[in-house]
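Taken together, the values in this text are just the output of simple stated rules run on the coordinates, not laboratory data. In this text, all values refer to a predicted model and were calculated from it rather than measured experimentally. Please note: Cβ atoms are built from the backbone with ideal geometry, for glycine as well, and neighbour counts cover all protein chains shown.
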Amino acid sequence: MGLPQPGRVLVAEGELAARVAELGRAIARDYARANPVLVGVLHGAIPFFADLMRRLPIDLTVDFVRASSYGAGTTTSGAVRLVVDLTVDIADRDVLIVDDIVDTGLTLAALKRAFEARGPRSVRTCVLLDKGSRRLADVAIDYVGFSIPNVFVVGYGLDYDGLYRNLPHVAALDGV
Ligand code: 5GP
């Protein structure tokens, strides 16, 4: 058995670009005068974040977090540790969390709660890929790129053991 490899392409480069442009139009309309804080969740959201922000012809601030759960099982308690935290004060700001994929929703729910404790005007969420069938946390996803089946995917920021983030498309991982 070799290393699991990227297989079938689930979302091609052109489809990603077209959908990111659509999301950009919707977000730009909704946040036209808000000067939102766009928060990218490292590392997976990097390509999506970079493409999305360039489709937002509005005033905005960018910042990043890196979340880590408190060990096995603890995400169910909703706690995340911010290994990299925000550098901007989000009090009275409109925050849009931008993430690569939502599966159980526990990470995003915990992030949202952590930000809400800092007195923002609003906190909403935008994810490229939604594996809705596995949702455990009751977290609203305000902007979704694509709904995908429950398969492990890599590419366009998503990794397998640190690999394949640099693929320009989203592919299913074979051999897992
Ligand atoms: P959740 O808390 O929603 O279950 O976890 C979401 C996180 O799990 C994502 O940010 C991502 O790091 C990881 N994840 C979930 N599904 C996949 C997948 O299909 N591929 C990869 N590479 N990561 C995934």
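Tabulated data
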read-out: Span from the the stretch 33-65 Cα centroid across to the the stretch 111-176 one, whole angstrom; value: 15
read-out: Beta bridges per DSSP with both ends in the stretch 96-176, % antiparallel, nearest 5; value: 30
read-out: Alpha-carbon Rg/Rh ratio, for the chain, with Rh computed the Kirkwood way; value: 0.96
read-out: Scattering profile of the stretch 85-151 at q = 0.13, 0.16, 0.24 Å⁻¹ [log10 I(q)/I(0), Debye over alpha-carbon scatterers]; value: -0.36, -0.52, -1.00
read-out: Amide H partners (placed H, <5 Å) of Leu96, local residues excluded; value: Val37, Leu38, Val39, Arg124
read-out: Mean separation of Cα contacts under 8 Å (6+ apart) over length of the stretch 90-166, as relative contact order %; value: 29
read-out: Residue-wise HN-Hα coupling along the stretch 143-159, computed from phi with Karplus coefficients 6.51, -1.76, 1.60 (Hz; x: Gly, Pro); value: 9, 10, x, 9, 8, 10, x, 7, 10, 7, 10, 9, x, 6, x, 7, 10
read-out: Over the chain, relative contact order from alpha-carbon pairs under 8 Å, at least 6 apart, %; value: 26
read-out: Among beta bridges that DSSP assigns inside the chain, antiparallel share in %, nearest 5; value: 35
read-out: Simple Cβ-charge dipole of the chain, Lys/Arg +1 and Asp/Glu -1, about Cα centre, in debye nearest 20; value: 220
read-out: Within the stretch 118-171, chymotrypsin sites (Phe, Trp or Tyr not before Pro) in DSSP loop having at most 15 other beta-carbon neighbours inside 10 Å; value: Phe152
read-out: Förster radius 45 Å - calculated FRET efficiency between Ala140 and Leu163 (Cβ-Cβ, nearest 0.05); value: 0.90
